[in-house]
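A.B. asks: Pasting a structure here, questions to come.
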Amino acid sequence: MTEEILPILALRNTVVFPVGVMVTLLVGREKSVRSLEAGRLAGDRILLLAQKEERIDDPGPADLYSLGTIAHIKQIMRLPDGTRQIVVEGLERAKVVRYQPGDYLRAQVVAFGDPPSSGVRLDALAGRAIELFRSYVRNSNQVSSEYQIENLHKELDNPGRIADLAANALQVPVADKQTVLELLDPALRLERVIALLERENEHIGLEGKIAERVKERIEKNQREYYLRERMKVIQEELGGESTAAEAAELRKKVEELQLPEEAREKAEREIARLEKMHGYSPEATVVRTYLEWLLTLPWTKLDPETLDIHGTKQILDEDHHALDDVKDRILEFLAVRQLIESQKASGQVDTKTRHREPILCLVGPPGVGKTSLGRSIARALNRQFVRISLGGVRDEAEVRGHRRTYIGSLPGRILQGMRKAGTKNPVYLLDEIDKMTADFRGDPASALLEVLDPEQNKHFSDHYLEIAYDLSQVLFITTANTTRTIPRPLLDRMEVINLPGYTLNEKVEIARHFQIPKQLADHGLTGRVKFSKAAIEQIIAAYTQEAGVRNLERQVAKICRQVAKEMVEKGVDASSERRIPPAHLRKYLGVPLYTSRLAEERDQVGVAQGLAWTEFGGRILVVEALALRGAGRINLTGQLGEVMQESAKAAIGYLRSRAKELECPEDFYKYLDFHIHIPEGSVPKDGPSAGITIATALVSAVTRRQVKAGIAMTGEITLRGHVLLVGGIKEKLLAAHQAGIRRIILPERNEAHLEEVPAEIRKDLEFHLVSHMDQVLELMLGPQDTSLPLPWQGAEPAAKVPEVPEIGEQPAEIGEQPQPVG
C-alpha cells in the first residue's frame, strides 16, 4: 500500500471500477474543473469518488464515499457550453486517509491492489458469476453481450477482476456498485456480484412474464392498447397502485379547505377525470397542474387586520415624510372599517355586510415614494404585500391567464400574486399602470376593468381557472406618472390621489431622517459621518433637479462611497466623526450640475417665462418670439404639440385683434414673419397653459416693449383674450420657487388651487390673479426699447400675400416642402 496526495473528482450517479475500461465523463462544476486541472499537473492521476446523494451541487468530504478509484486522465475536451468532456481509465482502488485544505477537493490517499487469490471456491464463484452474467446480457438489451462476456473469459485467472467487470456493466443503483467497490476480498466481492446478478435476472424474468400476460389480452396490431395494458399489469405486480390513491388524497384536501361551492364542484369533477386516467398520460399532468393551482389559491384565509388608527398613523409617518393626502385616505378607510365592525358586534349591521375596499391610484413624478408607500400601507394594516409591474405589458393573458387548451398555460399574474400572498385580503400594488400598451393579443387595460371594479371583482374570471374568484377584499393600489395614458374607463374606476413634488424643506427632512441614515448604515459609516443642513440644501439645489428624491439619494450614496474609500486608504480612526460641509461637495460630486437660479435675470424684448407641468414635476418654460420683416408667415419650432401650436395661433389672433390698442398698424402682420421658439428642442412640448406666455412674448416682439424679468405665468388664452383655468398649479409653483421666481401670474379661476400649495411656499410668492390678457400685458410689459426699430417701419407688403396666414400648415424652411401640423 502506497500513500500519495491526489485531487478528487466527485461523481454523480456513477461509480468507476479499476478494470482498465475507458469511461467518458462530463465535468462542469467549478471545483471539479479545478480538481481536473490539478490532476493534469499530478501526472494525469486523479481519485474518483462517488457522491452519496446526487442532488448535492457542492459536495464536501462528508458527502462523498471514502473509497474510490484512482484513474488515469486520457483525454480532456472543452465543449462549447464551458463543460469538459474527459476520458479516464480506472487503475486501482484507493481510500482517503485525510483531506487537504484548498479551493478544490484533494486528499492523502492509500491505494489497494487485489491480493493474490486462487482455490476451488473462488473458481466456483467465478464460474457462477460468468454464468449469471451470460444470462443477464442475453435477456437484457442494456449491455453488449459479446464484448462483456469476452472480457470476463479473459480474466478467469483473476476472480476479483471478474467481479469488477460484471459490476461495472450492471445497471444498478450507485449504492450497490459502491458496496462492490468497497469489498477488497475477491471472494466476498464475487458473492455480492452474484447476488446482484440473481436479483437483476429475476427482475428481467418478471418483466418477461408481464409481457407474456399482456400479449394474451390484446391483439398484435393494438399497440397503444398494449402499452396501457402493460402499465396495468405493472401496477398489479406493484400492489395495484394507481391514480385512485392520488384522487383520494386530493378529495381529502378539498374537504379540509372548505372551498366555495363552485370551486368544490369543479375540483371534484377534475378529480373524477384524473381517477379515470393513467397516471403517466399527458392529460393527467394537465389535470394535476390545474388541481394544484385550484387547491393552493387562498379561498378563505384572511389576514387579521390592524384597525388601530393611531398605530397605523405612526407607522406611515415612520416610513414616509409628508404625503398627507394618502395617509389621510388610509386613516379614513380604517375609521370606516372600525365603525362597521363595532356596529356588527352590537347587532346594528348584518354580519355578512362587507365594506368595499378602496381602489387608489397614486399619481406623481418619479421618486416621490409611490411604490414604497404601498409596502408601508401593507405593513401599517398588517396585511401581506404583493407587487406586479405592468410596465410594457401588452397581452391580455398576462392579466387573465391562458386557457387550458394551450400547452404550458397558467393563470394570469393577478391570481399568481394571490397565491404568492396566501391570503384573500393582501395589499396589491399594480405598478406603472400608465405604461401598459395593447397589440393584436388584446388590451390588458380592458382586462383590468373587471379587476378594479368593486361591483365586479367579487366574481373575477380567469381564463385558466374558469371559475369566479373573489377579489373584493383585496386593497388594490395602482401607481402612475400621469393619467393621460390611462384609458378613461379604467381611470374612472380608481380614486386618484396626486403626489406632487416635494418642497426644499421636505427634501431636507427626508434626507436627514430617512436617506442619510440608510446610506450611512449601508456603507458602514453610522456615527462616523455627519451632513450639515447647508450641505444637504446645496446638494438639492446644485446637483439634483427633480420633483422626487431619487437622485438626491444617489448623490448621498456617492458621497458615502468616496468618504468610505478615503477612510480605508488613510486609516482614519473609527471613533472620529467627519462632517460634510458645502465646501466639500465639489470634491465629492464634481462641478455643480445646476445653478441655484434658473430664472431670466434682466428685462428683454420677446422673451417671457412660463410655467409647465410634466409627469416628472413642474418646470420653467422660456418662450422666445421674433417679429421679422417678411410676408405674414408663422414659424413654430421647439417640438410643439398640436395643442400648443393652436395656442400660438390663438395668441396671434389676439395680437391682430388688439393692434389699435397696441399702437400697431392695422395690417402690420402683412409686413412681418413671426417665429416662436421654445428652447430644449429635443423635448416634445404640448398643452394649452403656455397661451398667455406666448402672447406676451409676441406682443413684446412686435411692440419692442421689454418683458419684466422675475415674473412667471401660466394660463390658457382665447381669441378674445380671456385667461382660462389650467392644471398642475402646485407643481408649477414648486418649480418657480426653486428657480428663484417670486412673482407669479395665475388665472383668476385657479385661486382655490393655491390652498394645495404648502404655506412655506405661498408666503415667499406674490400672486397676481388675472382674467384677461390685457391685465397680463399691463403687469408684464415695461417701456419700449428705443434702440430697436419697430419691425414694420419702412417695410412694404409682399405681393400676393393672403389676408390671413394659412393656419392649417406651417411654413417650410428653405428647400423643404410645407408639412401639415394641424
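A.B. asks: When the solvent-accessible surface of protein heavy atoms is calculated with a 1.4 angstrom probe, in what order do K558, K215 fall, highest first?
C.D. replies: Largest accessible area first, the residues go K215, K558.
A.B. asks: Take peptides 503-513, 746-756 and line them up by average Cβ neighbours within 10 Å, highest first, as a rough protection proxy.
C.D. replies: Ranked from most to least packed, the peptides come out as 503-513, 746-756.
A.B. asks: Further question on the same structure: How much accessible surface area, in Å² rounded to 10, belongs to the heavy atoms of S771 with a 1.4 Å probe?
C.D. replies: We get 50 Å² for S771.
A.B. asks: Assuming 0.36 nm per residue, please report the length gained on full extension of the stretch E642 to Y99 beyond their Cα-Cα distance.
C.D. replies: Separation in residues times 0.36 nm, less the Cα-Cα distance, equals 187.7 nm.
A.B. asks: Determine by what factor the alpha-carbon radius of gyration of the chain differs from 2.2 N^0.38 Å, reporting the quotient.
C.D. replies: Working it through for the chain, the quotient is 1.46.
A.B. asks: S372 versus R264, label points 7 Å from Cα toward the beta carbon: distance in nm?
C.D. replies: Computed distance between label sites S372 and R264 equals 4.7 nm.
A.B. asks: Straight-line reach from K209: which lysines have Cα under 25 Å away, leaving out those fewer than 8 places along the same chain?
C.D. replies: Those lysines meeting the cut-off are K220, K232.
A.B. asks: Once label points are set 7 Å from the Cα along Cα→Cβ at both T14 and A124, what is their separation, rounded to one decimal in nm?
C.D. replies: Taking the simple label geometry, T14 and A124 are separated by 3.9 nm.
A.B. asks: Do the alpha carbons of any pairs in K530/K763; K530/K558; K435/K730 sit beyond 20 Å of each other, and which pairs?
C.D. replies: K530/K763; K435/K730
A.B. asks: May I ask you to derive the FRET efficiency for V572 and R512 from their Cβ-Cβ distance with R0 = 30 Å, giving the value to the nearest 0.05?
C.D. replies: According to the calculation, E is roughly 0.80.
A.B. asks: While we're on this one: Quickly work out the L504-to-E131 label distance, labels modelled 7 Å from Cα along the C-beta direction, and quote it in nm with one decimal.
C.D. replies: Placing both labels 7 Å beyond Cα along the Cβ direction yields 10.3 nm.
A.B. asks: Mind giving me the FRET efficiency for E495 and H768? R0 is 30 Å, r the Cβ-Cβ distance, nearest 0.05 is fine.
C.D. replies: Plugging the Cβ-Cβ distance into 1/(1 + (r/R0)^6) gives 0.30.
A.B. asks: For the stretch 1-113, what's the relative contact order in percent, using C-alpha pairs closer than 8 Å and at least 6 residues apart?
C.D. replies: Once divided by the residue count of the stretch 1-113, the mean separation gives 37 percent.
A.B. asks: With +1 on each Lys and Arg Cβ and -1 on each Asp and Glu Cβ, how big is the dipole of the chain about its Cα centre, in debye rounded to the nearest 20?
C.D. replies: Taking the Cα centre of the chain as origin, the dipole is about 1260 debye.
A.B. asks: Ordered by packing density, taken as the mean number of other Cβ atoms within 10 Å over each peptide's residues, highest first, how do 201-209, 647-655 rank?
C.D. replies: Highest mean packing first, the order is 647-655, 201-209.
A.B. asks: Quick one: what do you get for the stretch 499-625 if you divide its Cα Rg by 2.2 N^0.38 Å?
C.D. replies: Against the compact-globule rule of thumb, the ratio is 1.28.
A.B. asks: Please state, to two decimals, what the Cα-based radius of gyration of the stretch 646-719 comes to when divided by 2.2 N^0.38 Å (N = residues).
C.D. replies: Its radius of gyration relative to the 2.2 N^0.38 Å reference: 1.13.
A.B. asks: Another question, if that's okay. What are the membrane-span-like helices in the chain by this rule: whole DSSP H runs, Cα extent along the axis at least 27 Å, mean Kyte-Doolittle hydropathy at least -0.5?
C.D. replies: 120-139, 324-346
A.B. asks: Still on this structure, please answer the following. Quick check: at a probe of 1.4 Å, how many percent of the accessible area of the stretch 662-758 sits on carbon and sulfur atoms?
C.D. replies: That fraction is 47 percent.
A.B. asks: Still on this model: A 31 angstrom limit on the alpha carbon distance is what I want to check against. Which of K660/K708; K424/K507; K266/K327 exceed it?
C.D. replies: K424/K507; K266/K327
A.B. asks: Another question, then. Can you tell me how much longer the chain between S532 and I407 gets when fully stretched, taken as 0.36 nm per residue apart minus their C-alpha distance, in nm with one decimal?
C.D. replies: 38.9 nm is the gain from fully extending S532 to I407.
A.B. asks: While we're here: Show that you can apply the helix-only estimate: for the chain, add -39,500 (n - 2.57) for every DSSP H stretch of four or more residues, divide by all residues, and state [θ] at 222 nm to the nearest 500.
C.D. replies: -12500 deg cm²/dmol
A.B. asks: Return a whole-number percent for the relative contact order of the chain, with Cα pairs under 8 Å and 6 or more residues apart as the contact set.
C.D. replies: Reported as a whole number, the value is 7 percent.
A.B. asks: For a protection proxy built on the mean count of beta-carbon atoms within 10 angstrom, sort 667-675, 709-717, 526-534 highest first, please.
C.D. replies: 709-717, 667-675, 526-534
A.B. asks: Counting pairs of alpha carbon atoms under 8 Å apart in space and at least six apart in sequence, what relative contact order in percent does the stretch 451-607 give?
C.D. replies: 21
A.B. asks: With Rg and the Kirkwood Rh both taken from Cα atoms, where does Rg over Rh land for the stretch 378-512?
C.D. replies: Here the Rg-to-Rh quotient is 1.02.
A.B. asks: Only bridges whose two residues both fall in the chain count here: according to DSSP, what percent of them are antiparallel, nearest 5?
C.D. replies: Taking every DSSP beta bridge with both residues in the chain, the antiparallel ones total about 60 percent.
A.B. asks: Which whole-number value in Å² is the accessible area per residue of the chain, probe 1.4 Å?
C.D. replies: 50
A.B. asks: Tell me, what is the Rg over Rh of the stretch 497-551, with Rh the Kirkwood radius over Cα pairs?
C.D. replies: Checking Rg against Rh, the ratio lands at 1.00.
A.B. asks: I've got another one for you. Restricting things to Cα coordinates, could you compute the convex hull volume per residue of the stretch 1-120 in Å³?
C.D. replies: Taking only Cα atoms, the stretch 1-120 has a hull volume of 117 Å³ per residue.
A.B. asks: Further question on the same structure: Given a Förster distance of 30 Å, report the FRET efficiency between E601 and L719 from their Cβ-Cβ distance, rounded to the nearest 0.05.
C.D. replies: About 0.35, to the nearest 0.05.
The values are calculated or read from the model by the stated rules, or taken from the named source; none is laboratory data. As the structure is a computational prediction, the values presented were derived from the model and not from experiment. Positions of Cβ are backbone-derived with ideal geometry, glycine not excepted, and every protein chain shown enters the neighbour counts. Calculation scope for accessible area: heavy atoms of the full protein, side chains included, ligands and nucleic acids excluded. Shrake-Rupley method; radii C 1.70, N 1.55, O 1.52, S 1.80 Å.
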